[in-house]
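The values are calculated or read from the model by the stated rules, or taken from the named source; none is laboratory data. Because the structure is a prediction, the values reported are computed rather than measured. Note that we place each Cβ from the backbone using ideal geometry, even for glycine, and neighbour counts take in every protein chain shown.
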């Protein structure tokens with residue numbers, strides 16, 4: 001089984017690099033060969049795939065559609081090649097998993113660890129992403145399994161309940177809320193908060209809840225990781241909402257106070273998403289069954 005040829009990757013490289021010249025360099029061919037391949041594809045499909053602009057190229061709607069299918073096909077071909085080689089060598093192959101930060105900092109990594117101890121001939125490629133990116137990555141075929149918060153849009157995918165986690169509030173000593181054992185979300189909105197990127201599932205939910213309550217989400221700092229969020233809280237700049245597992249490990253080391261978030265949505269359900277049983281390799285099915293058995 002051969003790797004997908006460089007010529008098959010050239011249109012993909014143009015989309016990623018933004019120019020035929022950069023794609024040619026990445027493919028180790030001359031620019032004219034890339035341009036010819038693109039022209040052949042456009043003639044075959046009957047519609048432009050790329051818009052030629054002054055400073056490069058961008059995919060058209062048709063080009064973006066082709067790109068998504070090409071990624072899926074190339075990933076499938078590479079996965080097939082890897083799995084067949086592994087099986088020929090007496091192994092089971094590899095499973096690519098996209099997972100949310102919360103799931104990785106919580107139960108997922110130990111659960112995968114227990115799986116790998118039972119299946120020494122299987123390897124797991126685990127990558128961290130936000131829940132929306134997890135779902136989209138599985139939908140596009142960039143990963144076989146995805147683990148994220150259950151609020152993600154799972155249309156055209158199958159979802160399997162996994163474990164759950166709990167959100168809590170963290171504040172530094174001396175904060176007005178530091179003497180409380182629990183707090184409602186609307187009371188928390190009276191204080192400045194550390195925020196996540198606007199596309200994160202938790203951030204979207206909190207903004208929706210704040211708007212529903214007729215209040216403003218007063219963000220002081222926007223961060224991209226829970227570790228950074230805890231550092232912001234430690235500095236006394238804002239209060240934060242983080243998974244309990246994060247607060248218990250890193251928050252305690254930073255001397256932060258944990259406060260229960262008295263809301264039903266503070267307990268979050270994780271799901272494992274995939275494109276259906278027929279899209280799963282034997283190794284992926286084994287991992288899915290292992291994680292499903294640990295749900296709760």
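Quick notes on this structure:
- The residues of the stretch 109-156 that are in contact with a helix residue (DSSP H, G or I) (Cβ under 8 Å, 6 or more places away or on another chain), crowded, with 22+ Cβ neighbours inside 10 Å and touching a residue at least 60 places away in the same chain (Cβ under 8 Å), listed by number, are 130, 131, 144, 145, 146, 147, 148, 149, 152.
- Every residue from the stretch 206-257 that is under 17 Å from residue 185 (Cα atoms), in contact with a helix residue (DSSP H, G or I) (Cβ under 7 Å, 6 or more places away or on another chain) and assigned to a helix (DSSP H, G or I): 209
- The residue pairs whose first member lies in the stretch 27-44 and is outside the structural domain of residue 64 (by TED's automatic domain parsing) and closer than 15 Å to residue 62 by Cβ, whose second member is exposed (fewer than 15 other Cβ atoms within 10 Å of the Cβ) and modelled with pLDDT of 80 or more, and whose beta carbons are closer than 9 Å, counting only pairs six or more residues apart or on different chains, do not exist in this structure.
- Residue within the stretch 96-119 that is more than 30 Å from residue 249 (Cα to Cα) and either assigned to a helix (DSSP H, G or I) or at pLDDT 85 or above (or both) present: no
- When residue 159 is tested against (1) exposed (fewer than 15 other Cβ atoms within 10 Å of the Cβ); (2) under 30 Å from residue 280 (Cβ atoms); (3) at pLDDT 90 or above, just one condition goes unmet, and that condition is (1).
- Single residue of the stretch 180-205 satisfying the filter (part of a strand (DSSP E or B) and either within 19 Å of the chain's Cα centre (by Cα) or in contact (Cβ under 8 Å) with a residue 60 or more places away in the chain (or both)) that is farthest from residue 261 (Cα to Cα): 195
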